[in-house]
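The values are calculated or read from the model by the stated rules, or taken from the named source; none is laboratory data. This is a predicted model, so every value here is computed, not measured. Cβ coordinates were reconstructed from backbone atoms using ideal geometry, including for glycine residues, and neighbour counts include every protein chain displayed. These area figures cover heavy atoms from the full protein model, side chains too; ligands, DNA and RNA do not enter into them. Shrake-Rupley method; radii C 1.70, N 1.55, O 1.52, S 1.80 Å.
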Amino acid sequence: MITCNKDSCPIGVLNEFDLLNRHPERKTEIIQHGIEVRERRLTTTSETRRLLSWHPIHTVKIIFVSGLATFFAVWIITQISFLGHWYSDLKNLDFAISLPIVGEKTIEIGSHIPISTTLASASKLPQISAKSSVYSAILVMIILIFERIVTIMVQWKKNKSLKQAENELGEEIKVLRTWT
């Protein structure tokens with residue numbers, strides 16, 4: 001006969017204890033089913049806790065990659081803007097040549113350059129220095145650090161609760177294994 005007193009028996013196994021007292025002929029099935037259900041719940045709980053927990057290496061990697069991506073994005077936009085300004089300057093380029101018989105003749109180079117609305121639009125982009133690109137990257141990194149801190153603080157209680165549930169499920173599995 002299996003015993004389960006109120007002090008030593010986890011509350012989660014009381015259903016199985018009751019079933020075992022009512023159907024002792026199915027003892028092995030009831031205990032095996034209880035263990036399998038708790039092992040699945042334990043896996044789900046531990047994986048959920050792992051997803052909610054803070055991973056310092058992953059966090060640092062995300063912060064640095066985001067900062068680097070921001071720097072290059074701002075830098076590339078600036079380079080495209082420089083190219084657009086160069087195109088606008090070339091399009092507006094003209095110079096005067098003095099010819100002895102005709103007099104002064106202005107040659108417009110821009111009329112011989114193909115029209116590009118993309119480059120003309122690119123000249124309207126802001127020109128940001130490399131220093132400002134670094135500041136933009138640092139700002140994005142600070143925002144990500146702040147977001148991660150807030151997320152960690154919000155998830156802390158949930159994480160503790162899931163850890164407690166893992167311990168309870170482990171204890172219930174131990175008790176059920178002793179009944180076999």
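Taking segment 60-71 as the range and being open to solvent by 90 Å² or more (accessible area, probe 1.4 Å) and either among the small types (Gly, Ala, Ser) or in contact (Cβ under 8 Å) with a residue 24 or more places away in the chain (or both) as the test, the residues that pass are PHE64, LEU68. Filter segment 115-138 for residues that are assigned to a helix (DSSP H, G or I) and open to solvent by 50 Å² or more (accessible area, probe 1.4 Å); which is farthest from ASN92 (Cα to Cα)? Filtering first and then ranking leaves ILE138. Here THR178 passes the criteria (1) among the polar types (S, T, N, Q); (2) farther than 30 Å from THR45 by Cα; (3) open to solvent by 60 Å² or more (accessible area, probe 1.4 Å) except the one numbered (2). Within segment 47-59, being open to solvent by 60 Å² or more (accessible area, probe 1.4 Å) and either assigned to a helix (DSSP H, G or I) or in contact (Cβ under 8 Å) with a residue 60 or more places away in the chain (or both) holds for GLU47, ARG49, ARG50, LEU51, TRP54, PRO56, ILE57, HIS58.
Which members of segment 158-172 meet the condition of being hydrophobic (A, V, I, L, M, F, W, C) and under 8 Å from GLY12 (Cβ atoms)?
LEU169
GLY103 fulfils the conditions (1) at positive phi; (2) in contact with a helix residue (DSSP H, G or I) (Cβ under 9 Å, 6 or more places away or on another chain) except for a single criterion, (2). The single residue among HIS112, HIS85 that is modelled with pLDDT under 80, open to solvent by 60 Å² or more (accessible area, probe 1.4 Å) and over 30 Å from LEU52 (Cβ atoms) turns out to be HIS112.
Suppose we filter segment 22-46 for residues that are over 20 Å from GLY170 (Cα atoms) and open to solvent by less than 70 Å² (accessible area, probe 1.4 Å); how many remain?
So the answer is 0.
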